[in-house]
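Here, each number is a calculation from the coordinates, and none is a lab measurement. What you see is a predicted model, and the numbers here were worked out from it, not measured in a lab. Using ideal geometry, Cβ is built from the backbone for each residue, glycine included, and neighbour counts are taken over all protein chains shown.
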Amino acid sequence: MVKHQLEGMRLDAGMHGITSKENWIAELPPVVAAAIHARMTTQAYAAGEPVKEAGEAPSRMHQLESGYVKLIGHLEDGRQQIITIYSPGNCFSETAVIARRPYHHTTQALTDCRVRVLAAEDFWDLYRTHPEIPETLCRKFAGSISRQMASRDMRANHRLGKRIALLFESLAERCGEDRVGASCTISVPITQSDIGDHFDVTRQSVQREITALKAAGILDKHMGRWIIRDLGKLSRVV
């Protein structure tokens, strides 16, 4: 029965992929969103530079204005695991501010980027003044839980090749550029090792699946950038 339920589910690349664009500020009434942006400052970060560090006090929340950043988990063996890639508009760090706990993960610039910053004191003032903010955040957190459950089911019930295909669909949806017909180039740097760490599998396992996608004319790599040759075929990978 579970198998049939899973087969009937729509496999949403945005839900199961590595990228995120959770812009809860955009869901607010314009006057409330403007009040938030009026209190924000903007900072520039070079690729590789940390935006926030795991263990830091939750002094601020962020919204990505341009470029890409990655949320990193630090593994016991010393590796850094990419958990999520944030695309422009994405808001992050508000969970730690609300919970009044240190940041659990490091966020690092994946490319040169600009990030809007809202101090915790300003966040709380706005939070208490505008009831739309806690209501909108409640919906965001509920959606995050649903995505976590869907991701867990995907890992348990779909083979690695399908999970990698969904990862690239997600990258194409939010980080794709130079679109020509059914093809596009991925604008963020991500390696096979990154993908392996993300799925907690070996790089060799990822390489086998990538090789199969290349042989099928679906995926390619040129000068360090991934190229999706056929988005239609990618979506039909099982």
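The charge dipole of the stretch 91-163, taken about the Cα centre with unit charges on the Cβ atoms of Lys, Arg (+1) and Asp, Glu (-1), comes to about 640 debye, rounded to the nearest 20. Under the simplified labelling scheme, the Glu27-Arg100 pair shows an inter-label distance of 2.5 nm, with each label point 7 Å from Cα along Cα→Cβ.
Note on the chain: helix-only mean residue ellipticity at 222 nm, from DSSP H runs of 4+ residues weighted -39500 (n - 2.57) and normalised by residue number, equals -13000 deg cm²/dmol. Projecting the Cα atoms of His130, Ala119, Ala165 onto the charge dipole of the stretch 116-167, computed from C-beta unit charges around the Cα centre, puts Ala165 farthest toward the positive end. Under 10 Å, Cα contacts only: if you run a Gaussian network model on the chain, which one of Leu28, Leu75, Leu137 comes out with the highest mean-square fluctuation? Top of the fluctuation ranking is Leu75.
With a simple spin-label model that places each label point 7 Å from the Cα along the Cα-to-Cβ direction, the separation between Trp124 and Ser193 comes to 4.2 nm. Which entries of Lys21/Lys140; Lys52/Lys221; Lys52/Lys140; Lys162/Lys214; Lys140/Lys162; Lys140/Lys233 show an alpha-carbon separation above 23 angstrom in the structure shown? Result: Lys52/Lys221; Lys140/Lys162; Lys140/Lys233 exceed 23 Å. The length gained on full extension between Arg225 and Lys162, counted as 0.36 nm times the residue separation minus their Cα-Cα distance, comes to 20.6 nm.
Computed from the Kirkwood radius of its Cα pairs, the Stokes-Einstein diffusion coefficient for the chain at 20 °C and 1.002 mPa s stands at 113 µm²/s. Entry note, the stretch 128-238: relative contact order of 26 percent, from Cα contacts under 8 Å with a spacing of 6+ residues. Approximating the spin labels as points 7 Å out from Cα along Cα→Cβ, the Arg203-to-Ala182 distance works out to 3.2 nm.
In plain terms, the chain from Glu76 to Ala142 could stretch by 20.8 nm, reckoned as 0.36 nm per residue minus the Cα-Cα distance.
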